[in-house]
Amino acid sequence: MALIALLPGDGIGPEVITQARRVLDALDLDLTYEEAPVGGVAYHSVGHPLPEATLDVARRADALLFGAVGDPTCDSLERALRPEQAILGLRKHLSLFSNLRPATLFEGLEDASALKPDVARQIDLVIVRELNGDVYFGEKGRRTTAAGHREGYDIMSYDETEVRRIARVGFETARKRRGQLCSVDKANVLETSQLWRDVVIEVAADYPDVTLTHMYVDNAAMQLVRNPGQFDVIVTGNLFGDILSDQASMCAGSIGMLPSASLDDAGKGLYEPIHGSAPDIAGQGKANPCAAILSAAMMLRHSLGNGAAADRIEAAVAQAIRNGARTADLGGTMSTSAMGDAVLAVL
Ligand code: ATP
Ligand code: MG
């Protein structure tokens with residue numbers, strides 16, 4: 001029996017996770033749950049956004065289902081105590097180095113996309129972003145130049161083993177989809193990117209069934225808007241992936257519809273909607289639970305070896321949307337639980 005760490009967190013996190021849990025329960029899977037506080041809720045109850053007891057549950061669990069963290073009442077706290085540190089801490093402690101963000105436009109939600117409907121309809125891609133390296137984790141600081149000017153610096157670097165393991169995730173993901181991997185870098189100007197490209201090409205030898213292409217990040221940003229249908233799987237570093245995955249999500253549609261996974265190299269993962277805690281609508285029963293429900297589907301597929309159940313959930317969400325189910329973010333009036341009901345009705 002698989003153990004799920006249920007980490008609802010702050011704001012709308014508990015509201016959307018409740019609906020994801022209802023959907024999982026309806027499938028009658030062999031799962032047990034341990035719920036633990038994380039984020040502002042944890043800070044207010046035990047004085048830390050990622051308590052040791054929560055980390056302990058996370059370590060023991062086979063997978064983590066996470067809502068969101070973020071709490072305006074914590075804004076003046078020192079950085080180590082802010083709710084956002086909980087998710088960074090979980091990624092670091094659990095070595096969750098790959099972030100998968102599928103971006104798909106659901107039929108009927110063409111108007112939610114930032115793109116023209118006929119272009120938006122072509123989007124069906126996954127961005128695989130490296131999470132544990134790159135410029136975010138290199139040496140950083142301030143210094144004074146010879147001319148007496150203030151200078152800030154952040155070192156960008158990648159070790160070949162870090163590139164190799166994320167490249168493998170990219171190839172494996174592409175192999176299970178349409179077999180096309182686009183590696184995004186800036187190899188025309190960055191040494192880090194040249195190493196990245198060399199290593200990705202080496203790894204490609206193990207995946208003759210996958211077609212590998214390379215694209216500079218500036219061009220990739222343009223192509224995502226111009227012709228997103230050309231992409232199946234994109235693999236890229238932490239910085240470029242951060243930017244491109246947000247861009248892709250707005251091309252695909254509402255922030256309330258898109259899930260994500262952050263995985264280690266042994267199949268364990270943290271699954272969360274891409275949206276945050278949405279303090280502006282928290283507690284009002286307005287939040288769209290689909291991103292959380294679809295995150296639970298990703299969990300079944302990637303950590304629990306149950307792709308069939310994942311397919312069923314994804315199909316049920318798509319059908320509910322086709323049937324006209326709409327929360328406020330999608331231009332409708334349904335409550336969070338009514339949207340959950342709509343998905344359950346299809347299931
Ligand atoms: P955080 O600090 O946790 O990232 P945020 O306010 O910066 O919070 P989001 O929580 O992602 O960012 O919210 C951005 C906007 O999108 C808000 O107006 C919010 O109400 C809306 N939003 C986010 N998630 C949902 C959802 N599931 N359903 C409906 N609206 C949502
Ligand atoms: Mg935010």
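Every listed requirement among (1) crowded, with 23+ Cβ neighbours inside 10 Å; (2) of a type in the set (A, V, I, L, M, F, W, C); (3) more than 16 Å from ligand 1 (Cβ to nearest atom) is met by residue 69 save one, (3). All of (1) modelled with pLDDT of 95 or more; (2) more than 16 Å from ligand 2 (Cβ to nearest atom) hold for residue 10 with one exception: (2). Scanning region 291-329 for residues that are in contact with a Ser or Thr (Cβ under 8 Å, 6 or more places away or on another chain) and either under 14 Å from residue 345 (Cα atoms) or part of a loop (DSSP other than H, G, I, E, B) (or both) gives a single hit, 326. The condition of being away from ligand 1 (no atom under 11 Å from the Cβ) and either closer than 19 Å to residue 69 by Cβ or touching a Lys or Arg at 6+ places or on another chain (Cβ under 6 Å) (or both) holds for only one of 296, 318, 309, that being 296.
Taken together, 53, 58, 42, 80 contain a single residue that is part of a helix (DSSP H, G or I) and within 16 Å of ligand 1 (Cβ to nearest atom), which is 42. Does region 97-119 include one or more residues that are surrounded by 23 or more Cβ atoms within 10 Å (Cβ to Cβ), assigned to a helix (DSSP H, G or I) and either touching a residue at least 60 places away in the same chain (Cβ under 8 Å) or within 16 Å of ligand 2 (Cβ to nearest atom) (or both)? Checked against the condition, which is being surrounded by 23 or more Cβ atoms within 10 Å (Cβ to Cβ), assigned to a helix (DSSP H, G or I) and either touching a residue at least 60 places away in the same chain (Cβ under 8 Å) or within 16 Å of ligand 2 (Cβ to nearest atom) (or both), region 97-119 yields no hits at all. Look at (1) surrounded by fewer than 22 Cβ atoms within 10 Å (Cβ to Cβ); (2) under 17 Å from the mean Cα position of the chain (by Cα); (3) among the aliphatic types (A, V, I, L, M); (4) more than 16 Å from ligand 2 (Cβ to nearest atom) and you find that residue 63 fails only one, number (1).
Among the candidates 280, 264, single out the residue that is away from ligand 2 (no atom under 16 Å from the Cβ), over 26 Å from residue 186 (Cβ atoms) and not basic (Lys, Arg).
Result: 264 is the single residue among 280, 264 that is away from ligand 2 (no atom under 16 Å from the Cβ), over 26 Å from residue 186 (Cβ atoms) and not basic (Lys, Arg).
Filtering region 110-155 to residues that are modelled with pLDDT under 95, over 30 Å from residue 171 (Cβ atoms) and out of contact with any strand residue (DSSP E or B) (no Cβ under 7 Å at 6 or more places or on another chain) leaves 110, 111, 112, 116, 117, 118, 139. Evaluating residue 256 against the criteria (1) touching a residue at least 40 places away in the same chain (Cβ under 8 Å); (2) away from ligand 1 (no atom under 12 Å from the Cβ); (3) assigned to a helix (DSSP H, G or I); (4) within 23 Å of residue 83 (Cα to Cα) leaves one unmet condition, (2).
The values are calculated or read from the model by the stated rules, or taken from the named source; none is laboratory data. These figures come from a predicted structure and were not determined experimentally. Cβ atoms come from the backbone with ideal geometry, glycine included; neighbour counts cover every protein chain shown.
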